[in-house]
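First comes the structure, then the notes that go with it.
The values are calculated or read from the model by the stated rules, or taken from the named source; none is laboratory data. Values in this document were obtained by computation on a predicted structure and should not be read as measured data. Please note: Cβ atoms are built from the backbone with ideal geometry, for glycine as well, and neighbour counts cover all protein chains shown.
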Amino acid sequence: MEGTIALVTGAAGGIGQAVVRLLAERGATVAAVDLDAERIAATAAALRTEGLMVTGFAADVTSSSAVDELVEEVETRLGPVSHLVNAAGVLHLGQARALSDQDWNATFAVNATGVFHVSRAVVNRMVHRGTGAIVTVASNAAGTARAEMAAYAASKAAATAFTKCLGLEVAHRGIRCNVVAPGSTDTMMLRGMHTADTAAKASIAGNPEQYRVGIPLGKVASPEDIARTVAFLLSDEAGHITMHELTVDGGATLGV
């Protein structure tokens, strides 16, 4: 990662923040992007005190114009983006037939349209340079039905399909596009699905009534587990991997 520029969305969240830290520790200059201006400024400032090259940017990935302005600013201030990580995401729980239009649209606006906006803006610059790597953080729910997660699962499936199609179209330009599909991960999103002290236990045990088998490895992922997977797919060690979906869920979807 030495001498590269990475752009990470959702950078104030659990997985996004772990990705920012790891890429910076490996020598990248990181543009850390999040909707929450205060949190991303504090996150970037804290990492800079450790000697890491991280700059915070506040932007709304649901806005095409805001994203175009963001990428222009990042490349003007930091340099050409060679690595992109789409980690911004939201979760609205509810049975499929009871979801409101607002919950559905808000979920897709970030989880799918946001990936489209940022990927398009970055790739349209990468193609002229003939190099680049993109990782979209999706979910194992994109391929395995989960009760009360229809909007989330559908949006992540859309993001997964988009990333793979993009990868096919730009492979001849030397750009790789891959997907990481986490399962239950120790983040605020997971804790929001359960009480704070039961989130991990509930995920590990599963829920037979919802046909959820639990986690065979007996633990939830840490954000760092996901970050290391993202970093691998961005790295030259994965130089012949593209359009791939790598599931990181401790066996929760039984290897499917």
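Numbers at a glance
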item: Members of the range 86-130 found to be assigned to a helix (DSSP H, G or I), more than 15 Å from Ser64 (Cα to Cα) and not aliphatic (A, V, I, L, M), listed by number; result: Arg97, Asp101, Gln102, Asp103, Trp104, Asn105, Thr107, Arg125, His128, Arg129
item: Pairs where the first residue, in the range 197-209, is on the phi > 0 side of the Ramachandran plot and the second is at pLDDT below 90 and surrounded by 14 or more Cβ atoms within 10 Å (Cβ to Cβ), C-beta under 9 Å, 6+ apart; result: none
item: Qualifying position, being outside any strand (DSSP E or B), touching a residue at least 24 places away in the same chain (Cβ under 8 Å) and surrounded by 21 or more Cβ atoms within 10 Å (Cβ to Cβ), among Ala158, Ala153, Ala227; result: Ala227
item: Every residue from the range 38-53 that is farther than 16 Å from Gly14 by Cα and not in a loop (DSSP other than H, G, I, E, B); result: Ala45, Arg48
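Matching residues to (1) in contact (Cβ under 8 Å) with a residue 40 or more places away in the chain; (2) surrounded by fewer than 18 Cβ atoms within 10 Å (Cβ to Cβ); (3) within 16 Å of the chain's Cα centre (by Cα):
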| site | (1), (2), (3) |
| --- | --- |
| Ala44 | no, no, no |
| Phe57 | no, no, no |
| Ser65 | no, yes, no |
| Glu75 | yes, yes, no |
| Val81 | yes, no, no |
| Gln102 | no, yes, no |
| Ala106 | no, yes, no |
